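Written below as structure tokens is the structure these notes are about.
The values are calculated or read from the model by the stated rules, or taken from the named source; none is laboratory data. All figures in this text were calculated on a predicted structure; none of them were measured in a lab. Here the Cβ positions follow ideal geometry from the backbone for every residue, glycine too, while neighbour counts run over all protein chains shown.
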Amino acid sequence: MALGRTPPAGAARSEDPYLPAHGNGGYRVEHYELDLDYKVAANRLTGRAVLTAVADAPLSRFSLDLSSFRVPRVLVNGTAAKFTRTRSTRGGAKLHVTPARPVEGRFTVEVRYTGNPAPIPSRWGDVGWDELTDGALVASQPIGAPSWFPCNDHPSDKATYRIAVTTAAPYTVAATGVLSSRRRSAGTRTWVYERQEPTAPYLVSVQIGRYDEVVLAPGPVPQVAFVPARLRRAAARDLARHPAIMTALEGLFGRYPFANYQLVVTDDDLEDPIEAQGMSIFGANHVDGRRTHERLVVHELAHQWFGNSLTIADWSHIWLNEGFATYAEWLWSESSGERTATAHAREWHARVAAKPADLVLADPGPARMFDERVYKRGALVLHALRGRIGDERFFALLRDWTTRHRHATVTTAGFVELAGWHAGVDLSAFFTAWLHRPALPALGARGR
């Protein structure tokens, strides 16, 4: 069977069917250079963003996603450009740019902006840049990136990043990437992070707070946690097994896809943990010194493979993120000598079966993107598939999936095709029942 390949990271994409007000056609971004100055007490952000992009064809006008900042200047290829602002009835805020002359091929856009960043309201709650009691965080999934920088806000438009953040010296800054420099001047400190692996805008993050740094593992994948001093002892216990979790997931899914991994524990409570590229963010309520929330630590780490390295082509494929990360929880439970994946699957099959059969996993719709059933039924598909094709083929499939599409975009059809190739049998009926029909199938042999 000739297996299809997904477009490379950063390839041009069509409008997202779930979030049509976000993302822009006609170009793709290769690199973002962000220089940010943030005043914590005033919640004041001043930014300079330089985007290096490639136009698919000559463009006399193009758009960026950016929330309600004041924009004093836009340059295209170093020349002043005209620009206007609009806000869509579908929820997106746009910066429309008309360059002095049409752009073609590679071009640069420089945007200067300033204002008080605020999260973007959405049907899933407020997302994006948000104030903490003493600091700030970014939680952008799925449409929060424009709350703090101009971007092409589509999951498939992946680019590299350099992020420099200047803020008051007492604060620690953790951002997407590897720390490349840190300098202090007149009461402030500038932190510079670089991410060489292609990254979707919603997975770019900045975290600012009064944090202690705790080294969890110096290598081969450096793993560090940034935690409030008052939570240091509890966090050290809760995260003590993190190197072992990393090793276990690498054995299951293949080599960790990024150069480092950072965990941030805010001094505020958070409703849910947050994933970012090479980073996970937890609330103070997720730390208790008893490893109560370890499954969430596993879930967010698994997203580094499923969601971050392998990024969905559009939001209709979200089960490829959440189902895989949920199944990773069950696999860690099994490998660490606790409940087996089968026990988890039986429990959740019964619980999902008790709910209305009105969700199609491969196309849940925007209102149900984060429905619990997307997570749990997504994991159940994988457990049923494991039972159908056996452990050897199943885990070979997962490692091939993550290797073949490393730092690229993925679709449900691509996974189905690869699974059939590894199984050596026709799985179309199996996947139709699990992914494209609302009725919940039986688990099969392994789940009985």
Quick one: which residue in Leu331, Leu296 is buried (at least 24 other Cβ atoms within 10 Å of the Cβ) and part of a helix (DSSP H, G or I)? Leu331
Look at Ala302 and say whether it is out of contact with any His (no Cβ under 9 Å at 6 or more places or on another chain) and surrounded by fewer than 24 Cβ atoms within 10 Å (Cβ to Cβ). no
Can you list the strands (runs of 3 or more DSSP E) found entirely within region 25-83 that contain at least 1 residues being touching a His at 6+ places or on another chain (Cβ under 7 Å)? 44-59, 62-65
Could you tell me whether any residue of region 148-158 is farther than 23 Å from Ala55 by Cα, touching a strand residue (DSSP E or B) at 6+ places or on another chain (Cβ under 7 Å) and not polar (S, T, N, Q)? yes
Looking at Arg162, Arg210, Arg182, which is the one that is basic (Lys, Arg) and within 21 Å of the chain's Cα centre (by Cα)? Arg162
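Conditions (1) part of a loop (DSSP other than H, G, I, E, B); (2) touching a Lys or Arg at 6+ places or on another chain (Cβ under 8 Å), marked per residue:
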{"position": "Thr86", "(1), (2)": "no, yes"}
{"position": "Leu95", "(1), (2)": "no, yes"}
{"position": "Arg101", "(1), (2)": "yes, no"}
{"position": "Arg106", "(1), (2)": "no, no"}
{"position": "Val109", "(1), (2)": "no, no"}
{"position": "Arg112", "(1), (2)": "no, yes"}
In region 1-40, which residue that is at pLDDT below 70 and aliphatic (A, V, I, L, M) is surrounded by the fewest Cβ atoms within 10 Å (Cβ to Cβ)? Ala2
Please verify whether region 77-86 includes one or more residues that are at pLDDT below 95, exposed (fewer than 13 other Cβ atoms within 10 Å of the Cβ) and within 16 Å of Pro150 (Cβ to Cβ). yes
Can you tell me which residue within region 407-424, out of those that are within 12 Å of Leu385 (Cα to Cα) and of a type in the set (A, V, I, L, M), is surrounded by the most Cβ atoms within 10 Å (Cβ to Cβ)? Ala419
If I filter region 204-212 for residues that are under 27 Å from Thr311 (Cβ atoms) and surrounded by fewer than 19 Cβ atoms within 10 Å (Cβ to Cβ), do I get at least one hit? no
If you scan region 235-255, which residues turn out to be of a type in the set (A, V, I, L, M, F, W, C) and either farther than 30 Å from Phe394 by Cα or at pLDDT below 95 (or both)? Ala235, Ala236
Scan region 140-158 and give yes if some residue there is farther than 20 Å from Gln207 by Cβ, in a strand (DSSP E or B) and among the small types (Gly, Ala, Ser), otherwise no. no
Consider only pairs whose beta carbons are under 8 Å apart and that are at least six residues apart or on different chains; among these, list those whose first residue lies in region 356-368 and is in the same structural domain as Glu322 (by TED's automatic domain parsing) and in contact (Cβ under 8 Å) with a residue 60 or more places away in the chain and whose second residue is assigned to a loop (DSSP other than H, G, I, E, B) and acidic (Asp, Glu). Leu359/Asp371
Of the residues Ala118, Ala174, Ala164, which is surrounded by fewer than 23 Cβ atoms within 10 Å (Cβ to Cβ) and outside any loop (DSSP other than H, G, I, E, B)? Ala164
Hey, can you tell me all the residues within region 177-202 that are among the hydrophobic types (A, V, I, L, M, F, W, C) and either surrounded by fewer than 13 Cβ atoms within 10 Å (Cβ to Cβ) or not in a strand (DSSP E or B) (or both)? Ala186, Ala200
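Here's the yes/no breakdown for (1) touching a helix residue (DSSP H, G or I) at 6+ places or on another chain (Cβ under 6 Å); (2) farther than 17 Å from Gly323 by Cβ:
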position: Leu359; (1), (2): yes, no
position: His383; (1), (2): yes, no
position: Thr412; (1), (2): yes, no
position: Trp421; (1), (2): no, yes
position: Asp426; (1), (2): no, yes
position: Thr432; (1), (2): no, no
position: Arg437; (1), (2): no, no
All-but-one check, Arg232 against (1) assigned to a helix (DSSP H, G or I); (2) modelled with pLDDT under 95, failing number (2)
So which residues in region 407-441 are over 30 Å from Arg255 (Cβ atoms) and touching a residue at least 40 places away in the same chain (Cβ under 8 Å)? His436, Arg437, Pro438, Ala439, Leu440, Pro441
In contact with a helix residue (DSSP H, G or I) (Cβ under 9 Å, 6 or more places away or on another chain) and assigned by TED's automatic domain parsing to the domain that holds Ala169: does that describe Tyr193? no
